[in-house]
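*Asks:* Okay, handing you the structure first.
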Amino acid sequence: MQCHFRQLPLRRFRHGWNVAFAVAICSAAIADDLQPRADFATAVTPLVAQYCSDCHSADTASDNAISFAPFIEKRDFQKDREFWQKVALRLHTSEMPPADAEHPAPEERAALVKWLRDELDTFSCDGPRDPGPAVLRRLNRTQYCNTVRDWLGVDFDVTTVFPADELAYGFDNSGDALAMTTLQVEKYLIAAEAVASQAIQAPESIIEPVIKVRSRHLKGGEDFGQPGRMLATDGVIMSRLDAPREGRYLLRARVSADQAGPEPARMAFAEERGRNIKELDVIATRDSGDPQLAVVPLELKEGRNRVGVAFLNDYYDEDHPDPEQRDRNLYLHQLELVGPLEDDQPESHRKLLDREPSATEWRGDDWRPVVDETLERWLRDAYRRPVSNDDVARLRNVVTEARRTGATFERSMQLALQAVLVSPQYLFIAPPAEAAPADGESFASEPIEEFALAARLSYFLWSTMPDAQLLELAEQGALRKQLDAQVRRMLADDRAAELARNFGGSWLQTRELATVEPDTERFKEFDDELRTAMQREAELFVTEIIREDRSVLDFLTADFTFVNERLARHYGMEEVSGDEFRRVTLSNPRRGGVLTMAAVLTVTSNPDRTSPVKRGKWVLGQLLGDEPPPPPPNVPDLAQQVHADKQETLREMLARHRADAACAVCHRRMDPMGLALENYDAVGRWRETEREQPIDASGELPDGRKFEGAKGLRELLLADQPMFRRNLVQQMLTYALGRGLRPADSCTISDIVTHLQEGDDKFSALVLGIVHSAPFQEQRVIEHAIEQKTE
């Protein structure tokens, strides 16, 4: 039997998810004996006449409308999985059918919801999981900062160079948002230079103390119209240097040349006796206006010393057809003495350059083994994998070129470090190098190699590079065998605070506290000290759940928090003094879990007042995974109504707002949840009245459930803990993968939810379920690639 539906006007269903409502209306009364594998169209069709024919008959179909027949007839749960999940949710919460429509009996509604969810849980969940498409992700600024800290020992303030990363799917580590623009490349170049200069102390960059040699003290060569001297033929320019005391110094020369002939100009630093201390090529040209800096270390005695600069390869060919290629000359623009030098190299310098070639080795050809060994160690850490001879050789070329132009060993290695810091293999948490099929293409899957697994794990839990233990296990091929133990070790490590800060702060949206600006005329006690304390409380609370491996339901019900004196005073708590945060037990039901944290309550308020709409939206979206869509156009602004009638409470204004049919669908569920938190003002303080009227914090949901205040809302959320649990899994899986979730991930999500429940809702069970999932452990590959590997 063919089923036809009258098409509904778009004004009734202007949001995509409202389409699901209409389908639900027409299919809401499936009989109790409906079985999971029953024919959907057959089960629905007899009920359409009873519940839908008056409004949805084909004879009265209107223009500018949507047909719902395809959703019923196709029943493609694989492609329309998200759609049918919305249908089940709206039916479960009794948001559909509308209040003024005929409703199915409760048992009929429950049967349909169960049928839909059984279908969704079983359809296409047999067999292997699809790991999803590969995602190329650059390090976001937090990961970049943490990595240079742990790898190089450099504390680099990324906010001075990088702007805040864009969000996608609620997080700033998503590959979709981490684009590499031209501007971003420039920022990474700037950052690389700053980090490398901070990590390695190069003689060329030492600023003080400097003794500049006056031009009149330079003997030899000839004047060329600028400060300094010129050598037009082989010779030497000598200078008297007065050392304040015996010690180690640097002699720096700023030089350029007229280039001619088959090779660049060549110079040397020379002693008074004519011995050349160091030779190098001068590639800078006089016309460029940017002289080359050449440096040589010296041991000088106190008092007068004589050193100079020699020109070694004069060239002249007056018959050359290019006038600019007829004469090679050397120009000495400035000679400087730096020192005496103190042994104040930073710890990062000593760590990175634990071996250095001797002066003799650096002048000759014996420097390569020391440099190669150092570069190989750097690259293994930076690339988070074993490195090849080609990797080392490419980076050695940077050192070779720098050395040729007279750079010191330290400066040459500093430039090599800059090259590593802008390498794509460092900046990106990359997918496999092999071509991977996209959605819709034929593919197979295989485990990612263990170094890639180590990187995924460390950037998920620590927002930084793998440590030595992870890399060692990966090198032994033993990481998967010890994965559970490693996850537990990592969650107990101090670096797991990054998971609380970056995942927890994004999921709970407490990161936004840094930018909110409450009205300080109305809330005079709010200042940056309180803002910082609010932020710290949220971070310490999430960290405690992670490290103590507590139940994830403690996010809703915990009877503890962390306060210092400033925040305790804000909460009305006594007997807490000092700036240090401490764990306190909560005995008053006004506080408990994330719902009543000042950070959450502040970011979900307007600058001058509370916002039940924002708070209700936050509860639905961040805790239950059911965020309503944006409001339709041309809906009156509630803020205007607030200022228009200052005697009316927010509850009364929202009631008028819900009278608009376009608003009622969302606000019927959202507003009661937000109003339950009205006893907390816009900065999270407890209050009893609003506009001199007692606050009514009661609420009722469309399904008839009633509750009152934060305590009642917590109990309501616990009753909906399957939704909370699934949403938390979705949130953390999105963060762990660095990509948005797809319909094909639904089966994986169900697996992780099951693992979480079987693990007594422990936080470690959530993480282990994600870490063992196919999207985290595996990669798509073209099928013939696997065949080639097995041949």
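The values are calculated or read from the model by the stated rules, or taken from the named source; none is laboratory data. Computed from a prediction, not measured in an experiment: that's the story for all the values here. We place every Cβ from the backbone using ideal geometry, glycine too, and count neighbours over all the protein chains shown. Remember, those area values only see protein heavy atoms, side chains included, never the ligands or the DNA or RNA. Shrake-Rupley method; radii C 1.70, N 1.55, O 1.52, S 1.80 Å.
*Asks:* Per residue of the stretch 490-495, in order, report the coupling 6.51 cos²θ - 1.76 cosθ + 1.60 (Karplus, θ = phi - 60°) as ³J(HN,Hα) in whole Hz, putting x for Gly and Pro.
*Replies:* Calculated HN-Hα couplings, in order: 5, 5, 8, 6, 4, 5 Hz.
*Asks:* Please report Rg (one decimal) and Dmax (integer) in Å for the Cα set of the stretch 186-233.
*Replies:* Over the stretch 186-233's Cα set, Rg and Dmax evaluate to 17.5, 45 Å.
*Asks:* Sort largest first and round to whole Å: the equivalent ellipsoid semi-axes of the stretch 155-273, each the square root of five times a Cα gyration tensor eigenvalue.
*Replies:* Semi-axes (√(5λ), whole Å): 46, 20, 12.
*Asks:* What percentages, rounded to whole numbers, describe P(r) for the stretch 572-619 computed over all alpha carbon pairs with 5 Å bin width beginning at zero?
*Replies:* With 5 Å bins starting at 0, P(r) equals 4, 17, 23, 20, 16, 14, 6, 1.
*Asks:* Then there's this: Hey, can you rank 711-720, 410-419 by average C-beta count inside 10 Å, highest first?
*Replies:* 410-419, 711-720
*Asks:* Let me ask something else about it. Could you sort 468-478, 595-605 so that the peptide with the highest average Cβ count within 10 Å comes first and the rest follow in order?
*Replies:* Most protected by this proxy first, the peptides run 595-605, 468-478.
*Asks:* Could you tally the net charge around Phe763, taking each other residue with its Cβ under 11 Å from the Cβ of Phe763, Lys/Arg +1 and Asp/Glu -1?
*Replies:* -2
*Asks:* Ok, one more. Calculate one ³J(HN,Hα) per residue across the stretch 243-258 by plugging θ = phi - 60° into the Karplus curve 6.51 cos²θ - 1.76 cosθ + 1.60, and present them in order as whole Hz with x for glycine and proline.
*Replies:* After applying 6.51 cos²θ - 1.76 cosθ + 1.60, I find 8, x, 7, 5, x, 9, 10, 10, 9, 10, 10, 9, 10, 8, 7, 8 Hz.
*Asks:* Ok, one more. Order of 535-543, 280-288, 512-520 by packing, highest average Cβ count within 10 Å first?
*Replies:* Highest-to-lowest ranking by the protection proxy: 535-543, 280-288, 512-520.
*Asks:* Could I ask something else about it? Express the accessible area of the stretch 299-404 per residue in Å², computed with a 1.4 Å probe while the remaining protein chains stay in the model.
*Replies:* Dividing the accessible area of the stretch 299-404 by its residue count gives 54 Å².
*Asks:* Also, I was wondering about something else. Report, by chain and number, residues whose modeled amide H sits under 5 Å from the one on Glu690, excluding near sequence neighbours (fewer than 5 apart, same chain).
*Replies:* Excluding prolines and chain starts, which carry no amide H, the hits are Ile695.
*Asks:* Taking the alpha-carbon centroid of each part, what is the distance from the stretch 189-242 to the stretch 386-413 in angstrom?
*Replies:* The stretch 189-242 and the stretch 386-413 have Cα centres separated by 23 Å.
*Asks:* Hey, how many Å between the Cα centroid of the stretch 133-172 and the Cα centroid of the stretch 291-306?
*Replies:* The stretch 133-172 and the stretch 291-306 have Cα centres separated by 42 Å.
*Asks:* In the structure shown, do any of Lys187/Lys617; Lys617/Lys711; Lys187/Lys614; Lys524/Lys614; Lys187/Lys278 have a Cα-Cα gap over 30 Å, and if so which?
*Replies:* Check vs 30 Å cut-off fails for Lys187/Lys617; Lys187/Lys614; Lys187/Lys278.
*Asks:* Between Arg547 and Glu575, take the C-beta separation as r, use R0 = 25 Å, and let me know the FRET efficiency to the nearest 0.05.
*Replies:* So the FRET efficiency works out to roughly 0.45.
*Asks:* According to the Kirkwood expression over distinct Cα-Cα pairs, how big is the hydrodynamic radius of the stretch 357-503, in Å?
*Replies:* 17.6
*Asks:* According to the Cα gyration tensor, what semi-axes, each the square root of 5 times an eigenvalue, does the equivalent ellipsoid of the stretch 527-633 have, listed from largest to smallest in whole Å?
*Replies:* 26, 18, 11
*Asks:* Starting from the amide H of Thr610, placed 1.01 Å from N in the peptide plane, find each other amide H under 5 Å away whose residue is 5 or more places distant or on another chain.
*Replies:* Excluding prolines and chain starts, which carry no amide H, the hits are Ala682.
*Asks:* Around Phe541, under 14 Å between beta carbons, what's the net of Lys plus Arg minus Asp minus Glu among the other residues?
*Replies:* +1
*Asks:* What FRET efficiency comes out for the pair Thr360/Asp484, r = Cβ-Cβ distance, R0 = 51 Å, nearest 0.05?
*Replies:* 0.45
*Asks:* Sticking with this structure for a sec: Using +1 on the beta carbon of Lys and Arg, -1 on that of Asp and Glu, and nothing else charged, what's the dipole of the stretch 440-568 about the Cα centre, debye to 20?
*Replies:* The calculation lands at about 240 debye.
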